[in-house]
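Visitor: Just dropping this structure here.
The values are calculated or read from the model by the stated rules, or taken from the named source; none is laboratory data. These figures come from a predicted structure and were not determined experimentally. Ideal geometry is used to build each Cβ from the backbone, glycine not excepted, and the neighbour counts take in all protein chains shown. Quick note on the areas: whole protein, heavy atoms, side chains included, nothing else; ligands and nucleic acids left out. Shrake-Rupley method; radii C 1.70, N 1.55, O 1.52, S 1.80 Å.
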Amino acid sequence: MASREQFSSKFGFIMAAAGSAIGLGNIWGFPTQTATNGGAAFVVIYFLMAFALAYPALMAELIIGRHSKSNILTALRGIAPNKATRILGTGVGTYGVIIASLILSFYGIVAGWMLCYLAESVTSLIGWQAASEWLVSFGFERNIISMGLFMLMTMSIIASGISGGIEKWSTRLMPMLMVILVGLIIYVMTQDGAAEGLRVYLLPDFSQLKPSLFVDAMGQAFFSLSLGVGTMLVYGSYLSNKESLPRLGVMVTLVDSGTAFVAGLLIIPAIYVAKQYGANIFTDDGQLIAGPNLIFQVLPTLFESMGSIGMLVALAFFVLMSIASLTSSISMLEVPVSLAVEETSLSRNKATLIIGTLIFGCSTVILLNFDSLFDFVINLTTVYSQPLLGLMLCVFAGWIWHRNNLLQELKAGHPEIEGTFFWKVWPNYVKFVCPLLVLITLAQSVAG
Ligand code: TRP
């Protein structure tokens with residue numbers, strides 16, 4: 001067998017994993033959840049969930065992945081010691097691959113919208129009215145074309161492999177994303193109304209603390225760190241044995257939650273600047289507008305009222321959203337593609353083409369039945385399946401796999417691991433605490 005591809009450097013892995021983690025979930029999901037859930041009170045709970053629950057689960061994926069050097073299905077089957085657990089591994093692995101593909105099928109639609117608004121900022125700059133209108137009006141044709149275009153971009157990166165595709169594009173795009181994000185924040189901060197937004201974002205309102213916040217924060221943390229479906233597992237499988245997994249995991253968690261926090265410094269003040277310009281930022285029942293209307297109505301109102309500089313700001317903003325989406329979507333597509341490449345005789349190119357086309361088909365079905373399927377698929381995959389799969393991965397790492405194997409894998413790249421706090425706490429933590437926390441939270445969301 002040809003030697004398996006790897007990330008060429010630690011930096012490459014961190015950019016790729018951060019690229020996967022940092023997406024619409026950070027730039028759109030996190031800020032709006034925070035603003036509607038009591039400001040900084042939610043930020044505190046979120047950081048708690050990210051480090052106390054998502055980080056240990058991330059570690060389970062990275063360790064299993066690097067040990068198995070394979071996709072999620074082959075990995076879980078491989079570490080199972082007997083027939084029953086092998087069957088379980090096959091079931092969980094298959095479910096994970098299906099959910100990863102379904103997540104991509106709705107994510108691709110939303111990312112397509114970002115491309116449309118990006119294109120619109122150019123067409124309105126050159127005064128091409130008809131194209132601008134088409135790009136910003138919701139319609140099947142527009143949706144399927146932009147989704148298809150985005151899928152093609154995703155597929156072409158994945159077809160180019162790990163170091164030549166995922167790593168190369170992540171290391172190019174992620175620094176750009178950071179520069180645009182910081183640039184936009186600096187600009188928005190100079191505008192009237194930004195201070196009010198900052199207050200809403202940063203002053204904790206603990207009176208809004210309620211149990212459902214924990215559910216929301218957990219869901220958000222799992223989604224943001226791309227957990228459960230084997231994304232981080234397969235990225236871990238491309239890591240060299242020289243690297244210390246616990247340290248890389250901390251880096252990725254920090255960069256992800258840090259970026260979510262920083263994105264809030266852009267989005268929430270921008271909403272209040274838009275209010276100054278006359279945009280309506282509240283729904284009828286007094287909540288801050290948080291859904292698609294925020295990105296596709298409130299912020300565009302702001303950009304328009306800023307005059308010609310607004311077109312540049314819009315351009316920068318939708319480039320930011322598109323980059324964030326692309327470095328995430330490639331990590332979703334890698335899950336089924338890695339399985340196909342490793343378990344069949346298909347080449348990477350063919351596997352990418354076939355699977356990409358299938359997911360394009362799923363997205364098309366969602367678009368054709370938008371009202372009944374769009375929210376349903378999002379809830380099915382992110383609210384229920386992801387935490388459930390995350391739980392199963394903790395069960396594999398904590399109960400099914402031998403503790404000695406865990407230790408051996410961790411020792412590679414971190415020889416003194418046995419004496420560390422991490423080794424003293426983590427094995428029992430993934431075994432008992434993580435599954436229990438996920439179960440409690442899941443029970444809450446089913447009951448709610
Ligand atoms: N984490 C990304 C975001 O915040 C989305 C994402 C990428 C993802 N890969 C994933 C979500 C795998 C779930 C599973 O937008």
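Visitor: Ratio to report: Rg/Rh of the stretch 202-294, with Cα atoms as the point set and Rh obtained by the Kirkwood method; give two decimals.
Guide: 1.09
Visitor: Of ASP192, ASP371, which has the most accessible area with a 1.4 Å probe, and how do the rest follow in descending order?
Guide: Order by accessible area, largest first: ASP371, ASP192.
Visitor: A further question on this structure: Can you classify the stretch 114-265 as rounded, prolate or oblate using the Cα gyration tensor, where a ≥ b ≥ c are the square roots of its eigenvalues, rounded means a/c under 1.5, and otherwise it's prolate if a/b beats b/c and oblate if not?
Guide: oblate
Visitor: Over all alpha-carbon pairs of the chain, lay out the pair-distance distribution in 20 Å bins, whole %, shortest bin first.
Guide: Binned Cα distances yield the sequence 26, 58, 16, 0.
Visitor: While we're on this one: HN-Hα J couplings of the stretch 256-264 from phi, Karplus 6.51/-1.76/1.60, θ = phi - 60°, integer Hz, Gly and Pro as x?
Guide: Using θ = phi - 60°, the values come out as 5, 6, x, 5, 4, 4, 5, 4, x Hz.
Visitor: Whole-Hz Karplus ³J(HN,Hα) for the stretch 194-208, in order, using 6.51 cos²θ - 1.76 cosθ + 1.60 and θ = phi - 60°, x for Gly and Pro?
Guide: 4, 5, 5, x, 4, 4, 4, 6, 9, 8, x, 10, 5, 5, 8
Visitor: Next question. How big is D for the stretch 273-323, in µm² s⁻¹ as a whole number, if Stokes-Einstein is applied with the Kirkwood radius of its Cα pairs at 25 °C and 0.890 mPa s?
Guide: 215
Visitor: Please calculate how many Å² of accessible area the stretch 290-365 carries per residue, with a 1.4 Å probe and no DNA, RNA or ligand atoms counted.
Guide: Accessible area per residue, the stretch 290-365: 37 Å².
Visitor: Residue by residue through the stretch 312-325, what is 3J(HN,Hα) from phi via Karplus (6.51 cos²θ - 1.76 cosθ + 1.60, θ = phi - 60°)? Round to whole Hz and write x for glycine and proline.
Guide: 5, 5, 4, 4, 4, 5, 7, 5, 4, 5, 5, 4, 4, 5
Visitor: Mind listing the lone cysteines of the chain, meaning no other Cys beta-carbon sits under 4.7 Å from theirs?
Guide: CYS116, CYS362
Visitor: Then there's this: Between the helical axis of 83-125 and the dominant principal axis of the chain, each derived from Cα atoms, what acute angle in degrees is found, rounded to the nearest 10?
Guide: Tilt relative to the chain: about 20 degrees.
Visitor: Between Rg and the Kirkwood Rh of the stretch 76-131, both from Cα atoms, what is the Rg to Rh ratio?
Guide: Across the stretch 76-131, the Cα-based Rg/Rh ratio is 1.49.
Visitor: Pop out the carbon and sulfur fraction of the accessible area of the chain as a percent, whole number, probe 1.4 Å.
Guide: Solvent-exposed carbon and sulfur of the chain make up 67 percent of the total.
Visitor: Give a quick list of chymotrypsin sites (Phe, Trp or Tyr not before Pro) in the stretch 340-430 that DSSP marks as loop, anything other than H, G, I, E or B, with at most 13 other Cβ atoms within 10 Å.
Guide: In loop regions of the stretch 340-430 (DSSP not H, G, I, E or B), there are no sparsely surrounded chymotrypsin sites (Phe, Trp or Tyr not before Pro).
Visitor: Rounded, prolate or oblate: pick one for the stretch 197-353, where a ≥ b ≥ c are the square roots of the eigenvalues of its C-alpha gyration tensor, a/c under 1.5 means rounded, and failing that, prolate if a/b is larger than b/c, else oblate.
Guide: Judged from the Cα gyration tensor, the stretch 197-353 comes out prolate (a/c at least 1.5, a/b above b/c).
Visitor: Would you mind telling me which residue in THR344, THR36, THR327 has the biggest mean-square fluctuation in a Gaussian network model of the chain, where springs connect alpha carbons within a distance under 10 angstrom?
Guide: Of the options given, THR344 has the highest mean-square fluctuation.
Visitor: For the chain, what's the relative contact order in percent, using C-alpha pairs closer than 8 Å and at least 6 residues apart?
Guide: Normalised by residue count, the contact order of the chain is 34 percent.
Visitor: Given the protein chains as shown and a 1.4 Å probe, how many square angstrom of ILE186 are accessible, to the nearest 10?
Guide: The accessible area of ILE186 comes to roughly 110 Å².
Visitor: Please pull out the direction-averaged projected area of the stretch 370-440, using the convex hull of its alpha-carbon atoms, in nm² to one decimal place.
Guide: 6.3
Visitor: For the stretch 317-448, restrict the atom set to alpha-carbon positions and state the Rg and Dmax in Å.
Guide: 19.6, 56
Visitor: What shape does the stretch 28-127 have by the C-alpha gyration tensor, where a ≥ b ≥ c are the square roots of the eigenvalues, rounded means a/c under 1.5, and otherwise prolate means a/b greater than b/c and oblate the rest?
Guide: Oblate is the answer for the stretch 28-127, as a/c is 1.5 or above yet b/c matches or exceeds a/b.
Visitor: Counting other Cβ atoms within 10 Å, which trypsin sites (Lys or Arg not before Pro) in the stretch 1-110 have at most 14 and lie in a DSSP loop?
Guide: ARG4
Visitor: Measuring from centroid to centroid over Cα atoms, what is the spacing of the stretch 276-319 and the stretch 370-400 in Å?
Guide: 32
Visitor: May I pose another question? From the Cα trace of the stretch 331-393, what convex hull volume per residue do you get, rounded to a whole Å³?
Guide: Spelled out: Cα convex hull of the stretch 331-393, divided by residues, is 91 Å³.
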